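Q: Have a look at this one before I ask anything.
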Amino acid sequence: MTEKLSPFFHAKKQEVNAYDIHDGVLRLSLLRAATYPDPHADQGVHDFTYALLPHLGDWRQGGVIPAGYDLNAPALPLAVAAQPAGTLPAAYSQFRVDAPNVVLETVKKAEDGSGLILRLYESWGTRTRAALALPDDAAAVRCTPMEQPLPGEEAVQHSLPLTLHPFEICTIHVQFAQ
């Protein structure tokens, strides 16, 4: 009898070796203890973090991908000095994507120093139309993974429309007004 397996997350180890559910019992193998090619592999002290995520519906409806990111790359608080004037919104994001299956994976400085590079990917295996919301002082354009301009692409402000193929990785160059 095969039972439906809820998503099982792990952090701080590159792979989970084996897990299954049989007759209502969750079994988990943490180490392989192989002796070839390294007779000393998996020896010593190991730290593991695991989480079980029960949910309704399939893994998409259950929010499995965001939960995995929350476990493996949690937001870290940063203490800053109080500012004497002004207000902050309850929530703010420099960049926002309007499709739940498009993940903004990377924000990094452009190799030529001319702004930021964003890398997004489609995570559900479906063709998707989405929009990337930009800050007021920014313009964005799709580019190659090597950060080179794509022929025929024009930089846009406010919202960059995207069409992504299943599991496609998309690289975007963002420049800010001086």
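The values are calculated or read from the model by the stated rules, or taken from the named source; none is laboratory data. Remember, it's a predicted structure, so these values are computed and weren't measured experimentally. For neighbour counting, all protein chains shown are included, and Cβ atoms are generated from backbone atoms with ideal geometry for every residue, glycine included.
Q: In region 84-101, is there at least one residue being modelled with pLDDT of 90 or more, assigned by TED's automatic domain parsing to the domain that holds residue 117, surrounded by 12 or more Cβ atoms within 10 Å (Cβ to Cβ) and within 11 Å of the chain's Cα centre (by Cα)?
A: yes
Q: For region 122-151, which residues satisfy the criterion of being in contact with a Phe, Trp or Tyr (Cβ under 7 Å, 6 or more places away or on another chain), among the small types (Gly, Ala, Ser) and closer than 18 Å to residue 105 by Cβ?
A: Here is the first cut: in region 122-151, the ones in contact with a Phe, Trp or Tyr (Cβ under 7 Å, 6 or more places away or on another chain) are 122, 125, 132-134, 137-138.
With the extra rule that they be among the small types (Gly, Ala, Ser), the set shrinks to 125, 133, 138.
Those that are in contact with a Phe, Trp or Tyr (Cβ under 7 Å, 6 or more places away or on another chain), among the small types (Gly, Ala, Ser) and closer than 18 Å to residue 105 by Cβ: 125, 133.
Q: Would you please name the residue that is surrounded by the fewest Cβ atoms within 10 Å (Cβ to Cβ), looking only at residues in region 123-176 that are assigned to a loop (DSSP other than H, G, I, E, B) and either outside the structural domain of residue 113 (by TED's automatic domain parsing) or hydroxyl-bearing (Ser, Thr, Tyr) (or both)?
A: Top of the filtered list is 144.
Q: Suppose we filter 92, 50 for residues that are of a type in the set (Phe, Trp, Tyr) and under 29 Å from residue 136 (Cβ atoms); which single one remains?
A: Result of the check over 92, 50: 92.
Q: Further question on the same structure: Of everything in region 31-79, what is more than 26 Å from the chain's Cα centre (by Cα) and exposed (fewer than 10 other Cβ atoms within 10 Å of the Cβ)? Give them in sequence order.
A: 36, 37, 38, 39, 40, 44, 45
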